[in-house]
Amino acid sequence: MADINLPVPGSDFNTWGEKLNTAVTVANDQGEPANVRNIVSTDIATVGSDIEGALSAKISQAPASPPLSVFTDWWTTFQTGHGYTSYAGGAIVADTDDYLFGSQSLRTVVTPGTPSKIRNLNYTSPFDWTSKHIVLWIKADNVTNISELSLYIGDSNFGNYYRLIGWGNSAKQTLDNRWTPVVLSLASKASNGGIPAQNNAEDVQISIASVNAPVTVWFGGIGAVPDMKAKFPTGVVTFSFDDGFDSVYTDGRRIMDKYGYPGVLYIIKEWVDGAGKVSMDQLHRLENLHGWEIGGHSYSDAVHTARATGVTPEEFEQDIKLLKAWLRNNGFTSDSYCYPGGEQNQTVIDIVRRYFNTARDTEGNPKLNGLGYLDPLMLCQTGPGSGALNAIANVADYGGWAFLYAHKVGTGGISFTDLEAQVEACKTAGVEVLTPQQVVDRLKG
Ligand SMILES: [Zn+2]
(Lines give C-alpha, C1' and ligand atoms only; values in the text may rest on other atoms or scores of the structure.)
Protein backbone atom coordinates (compact mmCIF):
# COMPACT_ATOMS: atom_id res chain seq x y z
CA MET A 1 0.00 0.00 0.00
CA ALA A 2 1.46 3.36 -1.02
CA ASP A 3 2.13 5.97 1.62
CA ILE A 4 -0.18 8.94 1.78
CA ASN A 5 1.88 12.06 2.25
CA LEU A 6 -0.04 15.21 2.92
CA PRO A 7 1.55 18.58 2.30
CA VAL A 8 2.87 20.22 5.45
CA PRO A 9 1.20 23.47 6.50
CA GLY A 10 3.70 26.28 6.42
CA SER A 11 6.08 24.53 4.02
CA ASP A 12 6.04 22.62 0.72
CA PHE A 13 5.54 26.01 -0.92
CA ASN A 14 6.18 24.98 -4.46
CA THR A 15 4.83 21.44 -4.36
CA TRP A 16 1.84 21.51 -2.06
CA GLY A 17 -0.76 21.23 -4.78
CA GLU A 18 1.00 18.31 -6.37
CA LYS A 19 1.38 16.59 -3.00
CA LEU A 20 -2.24 17.16 -2.11
CA ASN A 21 -3.45 15.80 -5.44
CA THR A 22 -1.22 12.76 -5.06
CA ALA A 23 -2.40 12.15 -1.51
CA VAL A 24 -6.07 12.37 -2.47
CA THR A 25 -5.55 10.17 -5.53
CA VAL A 26 -3.69 7.55 -3.54
CA ALA A 27 -6.30 7.64 -0.79
CA ASN A 28 -9.13 7.20 -3.27
CA ASP A 29 -7.32 4.52 -5.27
CA GLN A 30 -6.72 2.54 -2.15
CA GLY A 31 -10.29 2.90 -1.03
CA GLU A 32 -8.65 4.34 2.05
CA PRO A 33 -10.82 4.45 5.13
CA ALA A 34 -12.96 7.50 5.50
CA ASN A 35 -10.82 8.92 8.28
CA VAL A 36 -7.92 9.51 5.87
CA ARG A 37 -10.19 11.24 3.40
CA ASN A 38 -11.53 13.20 6.33
CA ILE A 39 -8.05 14.29 7.22
CA VAL A 40 -7.66 15.54 3.71
CA SER A 41 -11.00 17.25 3.57
CA THR A 42 -10.85 18.84 7.01
CA ASP A 43 -7.23 19.91 6.77
CA ILE A 44 -7.49 21.24 3.28
CA ALA A 45 -9.02 24.49 4.47
CA THR A 46 -6.19 25.01 6.91
CA VAL A 47 -3.58 24.00 4.39
CA GLY A 48 -5.22 26.20 1.80
CA SER A 49 -5.29 29.31 3.97
CA ASP A 50 -1.77 28.71 5.20
CA ILE A 51 -0.51 28.32 1.69
CA GLU A 52 -2.45 31.32 0.51
CA GLY A 53 -0.89 33.33 3.27
CA ALA A 54 2.55 31.96 2.57
CA LEU A 55 2.33 32.65 -1.13
CA SER A 56 0.95 36.13 -0.61
CA ALA A 57 3.63 36.89 1.91
CA LYS A 58 6.29 35.52 -0.38
CA ILE A 59 5.13 37.83 -3.11
CA SER A 60 5.10 40.73 -0.71
CA GLN A 61 8.32 40.00 1.10
CA ALA A 62 10.38 43.01 1.89
CA PRO A 63 13.54 43.54 -0.08
CA ALA A 64 16.62 42.70 1.91
CA SER A 65 17.34 45.21 4.61
CA PRO A 66 21.06 45.35 5.15
CA PRO A 67 22.45 47.86 7.61
CA LEU A 68 22.51 51.35 6.21
CA SER A 69 25.92 52.82 6.58
CA VAL A 70 28.00 55.58 5.22
CA PHE A 71 31.75 55.89 5.18
CA THR A 72 33.37 55.36 8.55
CA ASP A 73 36.38 57.50 9.32
CA TRP A 74 38.32 54.91 11.32
CA TRP A 75 40.38 55.89 14.32
CA THR A 76 41.39 52.29 14.77
CA THR A 77 40.33 48.82 13.82
CA PHE A 78 42.81 47.40 16.33
CA GLN A 79 45.18 45.97 13.76
CA THR A 80 48.88 45.48 14.52
CA GLY A 81 50.38 48.72 15.83
CA HIS A 82 47.03 50.06 17.09
CA GLY A 83 48.69 51.71 20.09
CA TYR A 84 46.00 50.85 22.64
CA THR A 85 47.12 49.54 26.01
CA SER A 86 45.45 48.27 29.13
CA TYR A 87 45.16 51.08 31.66
CA ALA A 88 43.24 49.09 34.28
CA GLY A 89 41.54 45.73 34.65
CA GLY A 90 42.16 42.67 32.51
CA ALA A 91 44.91 42.32 29.96
CA ILE A 92 44.11 42.90 26.30
CA VAL A 93 45.13 40.43 23.65
CA ALA A 94 44.91 40.43 19.90
CA ASP A 95 42.38 37.87 18.67
CA THR A 96 43.18 36.67 15.17
CA ASP A 97 40.44 34.02 15.18
CA ASP A 98 37.47 36.20 16.02
CA TYR A 99 37.45 39.66 14.48
CA LEU A 100 35.28 41.98 12.47
CA PHE A 101 37.58 44.25 10.48
CA GLY A 102 40.98 43.48 9.02
CA SER A 103 42.37 40.33 10.54
CA GLN A 104 42.25 40.83 14.29
CA SER A 105 40.25 42.30 17.14
CA LEU A 106 41.15 43.10 20.73
CA ARG A 107 39.83 40.85 23.48
CA THR A 108 39.69 41.30 27.23
CA VAL A 109 37.96 39.68 30.18
CA VAL A 110 36.09 42.05 32.46
CA THR A 111 36.00 40.95 36.08
CA PRO A 112 33.19 42.16 38.36
CA GLY A 113 34.41 45.03 40.52
CA THR A 114 37.42 45.72 38.29
CA PRO A 115 36.46 47.68 35.18
CA SER A 116 38.65 47.18 32.15
CA LYS A 117 40.03 50.35 30.65
CA ILE A 118 41.89 50.44 27.40
CA ARG A 119 43.27 53.68 26.05
CA ASN A 120 45.40 55.40 23.50
CA LEU A 121 46.77 58.78 24.49
CA ASN A 122 48.25 61.28 22.09
CA TYR A 123 47.07 60.06 18.76
CA THR A 124 49.74 61.34 16.45
CA SER A 125 47.11 62.67 14.07
CA PRO A 126 44.31 64.17 16.14
CA PHE A 127 40.90 63.64 14.61
CA ASP A 128 37.93 65.84 14.07
CA TRP A 129 34.52 64.55 15.05
CA THR A 130 32.66 67.81 14.58
CA SER A 131 29.25 67.05 13.05
CA LYS A 132 29.87 63.36 13.50
CA HIS A 133 28.77 60.51 15.67
CA ILE A 134 31.22 58.02 17.12
CA VAL A 135 30.71 54.35 16.35
CA LEU A 136 32.30 51.71 18.57
CA TRP A 137 32.06 48.10 17.41
CA ILE A 138 31.88 45.68 20.29
CA LYS A 139 30.86 42.12 21.10
CA ALA A 140 30.37 40.41 24.47
CA ASP A 141 29.60 36.86 25.50
CA ASN A 142 27.27 37.85 28.33
CA VAL A 143 25.62 41.19 27.71
CA THR A 144 23.39 41.03 30.75
CA ASN A 145 26.38 41.19 33.07
CA ILE A 146 27.79 44.38 31.56
CA SER A 147 26.97 47.23 33.91
CA GLU A 148 28.60 50.09 32.04
CA LEU A 149 30.24 50.93 28.75
CA SER A 150 31.76 54.40 28.47
CA LEU A 151 33.95 56.14 25.97
CA TYR A 152 36.21 58.98 27.07
CA ILE A 153 37.41 61.29 24.37
CA GLY A 154 39.52 64.38 24.84
CA ASP A 155 42.89 66.04 24.57
CA SER A 156 45.92 67.12 26.63
CA ASN A 157 46.25 63.67 28.21
CA PHE A 158 42.62 63.87 29.23
CA GLY A 159 43.11 67.33 30.73
CA ASN A 160 39.93 67.92 28.74
CA TYR A 161 37.48 65.11 28.12
CA TYR A 162 33.92 64.07 27.49
CA ARG A 163 32.62 60.87 29.03
CA LEU A 164 30.00 59.38 26.73
CA ILE A 165 27.78 56.56 27.97
CA GLY A 166 27.15 53.73 25.52
CA TRP A 167 25.44 51.21 27.75
CA GLY A 168 24.15 51.63 31.26
CA ASN A 169 22.76 48.98 33.52
CA SER A 170 19.61 48.27 31.55
CA ALA A 171 20.46 49.79 28.25
CA LYS A 172 21.97 47.36 25.81
CA GLN A 173 20.89 47.19 22.23
CA THR A 174 22.46 43.89 21.38
CA LEU A 175 22.56 40.15 21.90
CA ASP A 176 25.25 37.89 23.28
CA ASN A 177 28.08 37.21 20.82
CA ARG A 178 26.79 39.69 18.25
CA TRP A 179 29.05 42.36 16.79
CA THR A 180 27.20 45.57 17.56
CA PRO A 181 27.80 49.22 16.63
CA VAL A 182 27.37 51.46 19.64
CA VAL A 183 26.65 54.94 18.33
CA LEU A 184 27.66 57.82 20.57
CA SER A 185 27.34 61.56 20.37
CA LEU A 186 27.33 64.52 22.70
CA ALA A 187 23.72 63.49 23.38
CA SER A 188 25.29 60.57 25.28
CA LYS A 189 27.44 62.86 27.44
CA ALA A 190 27.45 61.89 31.11
CA SER A 191 30.16 64.28 32.29
CA ASN A 192 33.12 66.27 31.13
CA GLY A 193 36.34 67.79 32.41
CA GLY A 194 37.22 71.07 30.75
CA ILE A 195 35.98 71.60 27.23
CA PRO A 196 37.71 69.30 24.77
CA ALA A 197 38.02 70.44 21.19
CA GLN A 198 35.97 68.21 18.92
CA ASN A 199 38.23 69.07 16.03
CA ASN A 200 41.37 68.03 17.89
CA ALA A 201 40.67 64.74 19.68
CA GLU A 202 43.92 63.12 20.81
CA ASP A 203 42.95 60.75 23.64
CA VAL A 204 40.51 57.85 23.64
CA GLN A 205 39.60 55.40 26.40
CA ILE A 206 37.01 52.65 26.52
CA SER A 207 35.84 51.67 30.01
CA ILE A 208 33.71 48.62 30.59
CA ALA A 209 32.45 47.16 33.87
CA SER A 210 30.67 43.92 34.73
CA VAL A 211 28.61 42.52 37.56
CA ASN A 212 27.97 38.98 38.81
CA ALA A 213 30.38 37.13 36.54
CA PRO A 214 33.32 37.79 34.22
CA VAL A 215 32.43 38.88 30.69
CA THR A 216 34.62 38.37 27.66
CA VAL A 217 34.54 41.41 25.40
CA TRP A 218 35.88 42.00 21.90
CA PHE A 219 36.55 45.41 20.36
CA GLY A 220 36.34 45.64 16.56
CA GLY A 221 36.92 49.29 15.80
CA ILE A 222 36.26 52.92 16.68
CA GLY A 223 35.57 55.64 14.19
CA ALA A 224 33.28 58.46 13.22
CA VAL A 225 30.26 58.53 10.93
CA PRO A 226 28.36 61.62 9.75
CA ASP A 227 25.56 62.84 12.00
CA MET A 228 23.44 62.97 8.82
CA LYS A 229 22.27 66.50 9.46
CA ALA A 230 22.71 66.98 5.75
CA LYS A 231 19.61 64.82 5.27
CA PHE A 232 17.91 65.44 8.61
CA PRO A 233 18.96 69.00 9.58
CA THR A 234 17.18 68.98 12.92
CA GLY A 235 17.12 65.27 13.60
CA VAL A 236 14.05 63.13 13.31
CA VAL A 237 11.43 61.74 15.68
CA THR A 238 9.05 58.83 15.16
CA PHE A 239 5.92 58.40 17.26
CA SER A 240 5.03 54.72 17.47
CA PHE A 241 2.11 52.99 19.12
CA ASP A 242 1.97 49.27 19.81
CA ASP A 243 -0.79 46.65 19.73
CA GLY A 244 -3.79 48.54 18.27
CA PHE A 245 -5.90 50.26 20.91
CA ASP A 246 -8.68 52.46 19.55
CA SER A 247 -7.43 55.40 21.62
CA VAL A 248 -4.49 55.66 19.25
CA TYR A 249 -6.97 56.63 16.56
CA THR A 250 -9.33 58.72 18.64
CA ASP A 251 -6.76 60.58 20.77
CA GLY A 252 -3.25 59.84 19.51
CA ARG A 253 -4.15 60.89 15.99
CA ARG A 254 -6.25 63.79 17.29
CA ILE A 255 -3.28 65.22 19.19
CA MET A 256 -0.82 64.69 16.35
CA ASP A 257 -3.24 66.13 13.80
CA LYS A 258 -2.52 69.55 15.28
CA TYR A 259 0.65 69.70 13.18
CA GLY A 260 -0.19 66.99 10.68
CA TYR A 261 2.34 64.60 12.21
CA PRO A 262 2.13 60.96 11.11
CA GLY A 263 2.79 58.03 13.42
CA VAL A 264 3.21 54.31 13.06
CA LEU A 265 0.77 51.85 14.59
CA TYR A 266 2.12 48.32 15.05
CA ILE A 267 -0.92 46.10 15.09
CA ILE A 268 -1.89 42.69 16.37
CA LYS A 269 -4.09 41.46 13.54
CA GLU A 270 -6.44 39.47 15.75
CA TRP A 271 -7.21 42.61 17.75
CA VAL A 272 -8.52 44.56 14.77
CA ASP A 273 -12.24 45.37 15.14
CA GLY A 274 -12.26 44.02 18.70
CA ALA A 275 -13.76 45.85 21.66
CA GLY A 276 -11.64 48.85 22.58
CA LYS A 277 -9.39 48.12 19.62
CA VAL A 278 -8.80 49.97 16.40
CA SER A 279 -11.15 49.14 13.53
CA MET A 280 -10.26 48.28 9.96
CA ASP A 281 -11.91 51.50 8.82
CA GLN A 282 -9.78 53.51 11.25
CA LEU A 283 -6.63 51.76 10.02
CA HIS A 284 -7.44 52.69 6.45
CA ARG A 285 -8.21 56.26 7.45
CA LEU A 286 -4.89 56.51 9.33
CA GLU A 287 -2.90 55.35 6.33
CA ASN A 288 -4.86 56.95 3.53
CA LEU A 289 -5.92 60.25 5.07
CA HIS A 290 -3.37 60.95 7.79
CA GLY A 291 -0.17 59.56 6.31
CA TRP A 292 0.41 57.04 9.09
CA GLU A 293 2.05 53.67 8.65
CA ILE A 294 0.20 50.53 9.67
CA GLY A 295 3.06 48.25 10.69
CA GLY A 296 3.10 44.69 11.96
CA HIS A 297 3.40 43.46 15.55
CA SER A 298 1.88 39.95 15.36
CA TYR A 299 -0.85 38.09 13.58
CA SER A 300 -2.16 36.15 16.54
CA ASP A 301 -2.77 37.37 20.04
CA ALA A 302 -1.15 34.16 21.31
CA VAL A 303 2.18 34.81 19.57
CA HIS A 304 2.17 38.40 20.83
CA THR A 305 1.66 37.11 24.36
CA ALA A 306 4.25 34.33 24.01
CA ARG A 307 6.75 36.66 22.25
CA ALA A 308 8.66 35.73 19.11
CA THR A 309 11.21 33.94 21.27
CA GLY A 310 8.53 31.97 23.12
CA VAL A 311 7.35 29.94 20.13
CA THR A 312 9.26 27.73 17.71
CA PRO A 313 10.95 29.42 14.75
CA GLU A 314 8.45 27.63 12.50
CA GLU A 315 5.49 28.96 14.48
CA PHE A 316 6.97 32.44 14.51
CA GLU A 317 7.61 32.43 10.77
CA GLN A 318 4.08 31.23 10.11
CA ASP A 319 2.72 34.10 12.21
CA ILE A 320 4.84 36.75 10.54
CA LYS A 321 4.01 35.42 7.07
CA LEU A 322 0.31 35.61 7.76
CA LEU A 323 0.78 39.06 9.28
CA LYS A 324 2.60 40.40 6.25
CA ALA A 325 0.14 38.77 3.88
CA TRP A 326 -2.78 40.23 5.81
CA LEU A 327 -1.25 43.70 5.65
CA ARG A 328 -0.71 43.46 1.92
CA ASN A 329 -4.02 41.76 1.18
CA ASN A 330 -5.76 44.65 2.92
CA GLY A 331 -3.87 47.34 1.08
CA PHE A 332 -1.40 48.43 3.76
CA THR A 333 1.99 49.33 2.35
CA SER A 334 4.27 49.36 5.40
CA ASP A 335 7.36 47.19 5.72
CA SER A 336 7.82 48.11 9.37
CA TYR A 337 7.71 45.67 12.27
CA CYS A 338 7.99 45.77 16.06
CA TYR A 339 9.14 42.79 18.15
CA PRO A 340 6.41 41.77 20.64
CA GLY A 341 7.72 42.71 24.08
CA GLY A 342 10.99 43.71 22.46
CA GLU A 343 12.08 40.08 22.69
CA GLN A 344 14.28 38.85 19.90
CA ASN A 345 17.26 36.65 19.18
CA GLN A 346 19.33 36.09 16.06
CA THR A 347 16.92 33.45 14.71
CA VAL A 348 13.99 35.81 15.12
CA ILE A 349 15.88 38.70 13.52
CA ASP A 350 16.81 36.53 10.54
CA ILE A 351 13.15 35.56 10.03
CA VAL A 352 11.93 39.15 10.36
CA ARG A 353 14.53 40.23 7.79
CA ARG A 354 12.68 38.21 5.15
CA TYR A 355 9.37 40.06 5.60
CA PHE A 356 10.03 43.53 6.96
CA ASN A 357 12.49 46.34 6.32
CA THR A 358 12.67 47.85 9.78
CA ALA A 359 12.07 46.46 13.25
CA ARG A 360 11.82 48.30 16.54
CA ASP A 361 13.13 46.81 19.71
CA THR A 362 11.38 47.71 22.95
CA GLU A 363 14.26 47.07 25.30
CA GLY A 364 14.63 49.85 27.83
CA ASN A 365 17.25 51.81 26.03
CA PRO A 366 17.66 55.55 26.39
CA LYS A 367 19.92 55.90 23.39
CA LEU A 368 19.19 57.52 20.08
CA ASN A 369 19.60 55.82 16.76
CA GLY A 370 22.53 57.29 14.87
CA LEU A 371 21.72 57.74 11.21
CA GLY A 372 25.28 57.48 9.89
CA TYR A 373 25.18 53.83 10.80
CA LEU A 374 21.84 52.16 11.26
CA ASP A 375 20.83 48.53 11.65
CA PRO A 376 17.18 48.80 10.60
CA LEU A 377 16.27 45.58 12.41
CA MET A 378 17.62 46.73 15.76
CA LEU A 379 16.05 50.16 16.11
CA CYS A 380 16.12 51.29 19.70
CA GLN A 381 13.27 53.08 21.36
CA THR A 382 12.96 55.91 23.82
CA GLY A 383 10.30 55.41 26.42
CA PRO A 384 7.21 57.53 26.83
CA GLY A 385 8.43 59.14 30.08
CA SER A 386 10.52 62.25 30.59
CA GLY A 387 13.30 60.68 28.52
CA ALA A 388 11.24 61.41 25.44
CA LEU A 389 11.56 65.18 25.81
CA ASN A 390 15.32 64.85 26.35
CA ALA A 391 15.54 62.69 23.26
CA ILE A 392 13.68 65.25 21.16
CA ALA A 393 16.01 68.02 22.39
CA ASN A 394 19.05 65.83 21.74
CA VAL A 395 18.22 64.97 18.14
CA ALA A 396 17.51 68.64 17.48
CA ASP A 397 20.95 69.56 18.82
CA TYR A 398 23.11 66.61 17.80
CA GLY A 399 21.25 64.80 15.04
CA GLY A 400 19.95 61.24 15.09
CA TRP A 401 16.62 59.50 15.36
CA ALA A 402 14.48 59.39 18.48
CA PHE A 403 11.98 56.54 18.26
CA LEU A 404 9.25 57.18 20.82
CA TYR A 405 6.65 54.59 21.77
CA ALA A 406 3.40 54.22 23.65
CA HIS A 407 0.49 51.80 23.77
CA LYS A 408 -2.83 53.32 24.82
CA VAL A 409 -3.38 57.07 24.75
CA GLY A 410 -5.12 58.52 27.79
CA THR A 411 -6.31 56.30 30.64
CA GLY A 412 -3.94 53.38 31.12
CA GLY A 413 -1.38 54.74 28.65
CA ILE A 414 0.53 57.87 27.75
CA SER A 415 -1.39 60.86 29.11
CA PHE A 416 -2.82 63.47 26.78
CA THR A 417 -0.59 66.00 28.53
CA ASP A 418 2.59 64.00 27.92
CA LEU A 419 1.79 63.29 24.28
CA GLU A 420 0.84 66.92 23.70
CA ALA A 421 4.13 68.02 25.31
CA GLN A 422 6.10 65.74 22.98
CA VAL A 423 4.26 66.99 19.93
CA GLU A 424 4.79 70.61 21.00
CA ALA A 425 8.49 69.92 21.67
CA CYS A 426 8.94 68.64 18.12
CA LYS A 427 7.21 71.70 16.72
CA THR A 428 9.20 74.11 18.88
CA ALA A 429 12.54 72.47 18.06
CA GLY A 430 11.65 72.19 14.38
CA VAL A 431 12.32 68.45 14.51
CA GLU A 432 10.91 66.45 11.65
CA VAL A 433 8.33 63.81 12.54
CA LEU A 434 8.42 60.89 10.15
CA THR A 435 7.41 57.24 9.98
CA PRO A 436 10.10 54.52 9.95
CA GLN A 437 9.68 53.88 6.23
CA GLN A 438 10.06 57.57 5.48
CA VAL A 439 13.29 57.72 7.47
CA VAL A 440 14.78 54.67 5.78
CA ASP A 441 13.66 55.78 2.33
CA ARG A 442 15.38 59.14 2.77
CA LEU A 443 18.56 57.50 4.04
CA LYS A 444 18.63 55.27 0.99
CA GLY A 445 17.66 58.02 -1.41
ZN1 LIG B 1 2.82 44.63 22.12
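The values are calculated or read from the model by the stated rules, or taken from the named source; none is laboratory data. None of these values were measured; they are calculated from a predicted model. A quick note on method: Cβ atoms are made from the backbone with ideal geometry, for glycine too, and the neighbour counts reach across all protein chains shown.
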Candidates Glu270, Glu314 - the one that is within 14 Å of the ligand (Cβ to nearest atom), in a helix (DSSP H, G or I) and over 26 Å from Ala402 (Cα atoms): Glu270
Would you tally the residues in the stretch 162-187 being of a type in the set (A, V, I, L, M), closer than 19 Å to Thr130 by Cβ and touching a Lys or Arg at 6+ places or on another chain (Cβ under 8 Å)? 2
In the stretch 424-439, how many residues are touching a residue at least 60 places away in the same chain (Cβ under 8 Å) and more than 23 Å from the chain's Cα centre (by Cα)? 3
Condition set part of a strand (DSSP E or B) and free of Cβ contacts under 8 Å to residues at least 60 places away in the same chain, scope the stretch 215-267, selection nearest to the ligand (Cβ to nearest atom): answer is Ile267
With the first residue restricted to the stretch 191-209 and required to be without any contact (Cβ under 8 Å) to a residue 40 or more places away in the chain, and the second required to be surrounded by 20 or more Cβ atoms within 10 Å (Cβ to Cβ) and aromatic (Phe, Trp, Tyr), Cβ contacts under 6 Å at 6 or more apart or on different chains are Asn192/Tyr162; Gly193/Tyr161
Could you check, for the stretch 325-333, whether at least one of its residues is more than 12 Å from the ligand (Cβ to nearest atom) and closer than 22 Å to Phe416 by Cβ? no
Here are Asp281, Asp301: which of them is among the acidic types (Asp, Glu), more than 16 Å from the ligand (Cβ to nearest atom) and over 20 Å from the mean Cα position of the chain (by Cα)? Asp281
Quick one: in the stretch 285-298, of everything that is within 16 Å of the ligand (Cβ to nearest atom) and either free of Cβ contacts under 8 Å to residues at least 40 places away in the same chain or within 15 Å of Ile351 (Cβ to Cβ) (or both), which residue is surrounded by the most Cβ atoms within 10 Å (Cβ to Cβ)? Ser298
Counting only residues that are over 23 Å from the mean Cα position of the chain (by Cα) and surrounded by fewer than 20 Cβ atoms within 10 Å (Cβ to Cβ), the stretch 234-250 contains a total of 2
Residue that is modelled with pLDDT under 95, in a helix (DSSP H, G or I), away from the ligand (no atom under 15 Å from the Cβ) and not basic (Lys, Arg), where the choices are Asn394, Asn365: Asn394
Could you list all residues from the stretch 336-350 that are part of a loop (DSSP other than H, G, I, E, B) and away from the ligand (no atom under 14 Å from the Cβ)? Asn345
Run down Leu371, Leu404 and say which single residue is touching a residue at least 60 places away in the same chain (Cβ under 8 Å) and either assigned to a loop (DSSP other than H, G, I, E, B) or more than 29 Å from Asp246 (Cα to Cα) (or both). Leu371
The correct count of residues that are small (Gly, Ala, Ser) and surrounded by fewer than 17 Cβ atoms within 10 Å (Cβ to Cβ) in the stretch 106-130 is 2
Does the stretch 414-424 contain any residue that is assigned to a helix (DSSP H, G or I), modelled with pLDDT of 95 or more, closer than 24 Å to Phe232 by Cα and among the small types (Gly, Ala, Ser)? yes
Would you mind telling me which numbered condition in (1) surrounded by 14 or more Cβ atoms within 10 Å (Cβ to Cβ); (2) within 16 Å of the ligand (Cβ to nearest atom) Gly276 fails? (1)
Residue pairs qualifying under the 6 Å Cβ cut-off, at least six apart or on distinct chains, with the first in the stretch 331-351 being closer than 20 Å to Trp179 by Cβ and not assigned by TED's automatic domain parsing to the domain that holds Leu286 and the second being within 16 Å of the ligand (Cβ to nearest atom) and β-branched (Val, Ile, Thr), are none
Any residue at all in the stretch 321-335 that's in a helix (DSSP H, G or I), surrounded by 24 or more Cβ atoms within 10 Å (Cβ to Cβ) and not aliphatic (A, V, I, L, M)? yes
Of the residues in the stretch 161-213, those that are among the small types (Gly, Ala, Ser), under 24 Å from the mean Cα position of the chain (by Cα) and farther than 20 Å from Ile118 by Cα number 3
When Ala388 is run through (1) of a type outside the set (Asp, Glu); (2) at pLDDT below 90; (3) more than 15 Å from Tyr266 (Cβ to Cβ), the failure sits at (2)
